[in-house]
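The values are calculated or read from the model by the stated rules, or taken from the named source; none is laboratory data. This structure is a prediction, so every number in the text was calculated from the model and none was measured. Note: ideal-geometry Cβ built from the backbone for every residue, glycine included; neighbour counts use all protein chains shown. Accessible surface areas use protein heavy atoms only, side chains included; no ligands, DNA or RNA. Shrake-Rupley method; radii C 1.70, N 1.55, O 1.52, S 1.80 Å.
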Amino acid sequence: SKSLALSGKKVLVTAGPTYEPIDPVRFIGNHSSGKMGFDIANSLAKYGAEVYLVAGPTHLVTKEAGIRIIHVTSALEMYDACHRVFGEVDVVVAAAAVADYRPKYVADQKIKKNSEEFVIELEKNPDILASLGAIKKHQFLVGFALETENEEEYAKQKIKKKNLDLIVLNSLNDKGAGFGKPTNKVTFIDKDFNIQPMDLKSKEEVANDIVKKIIKHYE
Ligand code: C5P
C-alpha cells in the first residue's frame with residue numbers, strides 16, 4: 001500500500017555474525033544472534049519498505065512479507081551480497097557483527113592435530129559499511145557502535161570514517177543492555193553530532209525507534 005511511511009523505499013539490512021572458515025569443518029565466529037537486525041527488518045517491512053536482509057548464520061526467521069533474505073556465511077560473502085544490491089537501495093542499516101579478521105589460508109582438507117601448538121594467521125576483512133559509505137550517493141546510512149570507553153568520541157569518529165548519517169551507540173555500561181539480552185539501551189548520534197540518549201527498551205522497541213528515525217529523514 002502507498003499509504004505507509006516507507007512505501008516505495010528499499011532498504012538493505014545486515015544481520016547476524018559471520019563465520020570465517022579455517023578448514024572444511026571449522027570456522028572463527030562470534031555470539032551475535034542476529035535479533036537486532038531481524039527486528040529492524042520486520043519493523044521496516046511493517047512500514048511498507050522493501051527489505052533486502054543479508055544475514056550471516058542464524059536460525060531466526062522473518063515475520064513480515066516484503067523481506068528478501070540473502071543468506072551468507074563469511075564477511076567476504078556479505079560484502080559481495082551488499083554491493084550487489086547497494087545501487088538499488090535508499091537506506092542501509094548495518095547491524096551485522098562482521099568478523100574483523102579471517103584466516104589468511106583456508107585448508108582444503110580437515111587439519112590434523114599433529115603439533116602441540118598451532119597458529120592461525122589472520123588478515124583483515126573489508127569494512128562493509130565503510131566501503132558503502134565511500135560510494136554512497138543518495139543513500140541514508142545507519143551503523144552501530146559498541147564501545148567500552150570514550151563511547152561518544154569513538155562513535156563520532158565512526159560517523160566520519162564510514163560516512164554515516166546516523167549511528168546507534170550501544171551502551172555496555174547500562175545493566176540489561178547488550179549481547180544475548182532481550183533489552184538494549186542505545187544513544188543516537190547523527191551526522192551533525194546531535195546526541196539523543198534513549199531509555200532501556202526491548203530490542204523490538206529499539207528497532208522501532210531506529211525505523212522512526214529513518215521515517216523522519218524522509219518527512
Ligand atoms: O568499526 P566497528 O566494527 O566498530 O563498526 C561497527 C559498524 O560497522 C556496524 O554497523 C557493523 O555492522 C559495521 N561493520 C561492517 N563491516 C565490518 C565491520 C563493521 O559493515 N567489517
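Some notes on this structure:
- FRET efficiency for LEU4 and ASP80, using Cβ-Cβ distance with R0 set to 45 Å, rounded to 0.05: 0.90
- Approximate spin-label separation HIS217-GLU64, in nm, with each point projected 7 Å along Cα-to-Cβ: 1.5
- Under the convention that each Lys and Arg Cβ holds +1 and each Asp and Glu Cβ holds -1, the size of the dipole of the stretch 1-92 around its Cα centre is about 340 debye.
- Residue separation of TYR101 and LYS160 scaled by 0.36 nm, minus their Cα-Cα distance, works out to 19.0 nm of gained length.
- Each helix, a run of at least 4 DSSP H residues, gives -39500 (n - 2.57); summed and divided by the residues of the chain, these come to -8000 deg cm²/dmol at 222 nm.
- Rounded percent of accessible protein surface that carbon and sulfur make up, the stretch 49-148, 1.4 Å probe: 51
- With all protein chains kept in place, the per residue accessible area of the stretch 109-219 amounts to 62 square angstrom at a probe of 1.4 angstrom.
- Once exposed loop chymotrypsin sites (Phe, Trp or Tyr not before Pro) are cut out (DSSP; at most 15 other Cβ, 10 Å), longest piece of the chain: 1-104
- Against the chain, whose longest principal axis comes from its Cα atoms, helix 151-162 is set at around 90 degrees.
- Förster radius 45 Å - calculated FRET efficiency between ARG26 and ASP192, Cβ distance, rounded to 0.05: 0.50
- When the Cα positions of PRO21, ALA75, VAL92 are compared along the charge dipole of the chain, VAL92 comes out farthest toward the positive end, with charges on each C-beta of Lys, Arg, Asp and Glu.
- Remark: C-alpha extents of the chain on the principal axes read 62, 38, 32 Å, sorted largest to smallest.
- When DSSP beta bridges are restricted to pairs lying wholly in the chain, around 40% turn out antiparallel.
- Taking one quarter of the surface of the C-alpha convex hull of the stretch 93-219 gives a mean projected area of 11.1 nm².
- Applying the criteria of a DSSP loop state and at most 16 other Cβ atoms within 10 Å to the GluC sites (Glu not before Pro) of the stretch 116-211 yields GLU116, GLU117, GLU121, GLU149.
- Legend: calculated FRET efficiency, SER131 to LEU172, from the Cβ-Cβ distance at R0 = 22 Å, rounded to 0.05, equals 0.25.
- Projected label points at LYS112 and GLU153, each 7 Å from Cα along the beta carbon direction, are separated by 5.2 nanometres.
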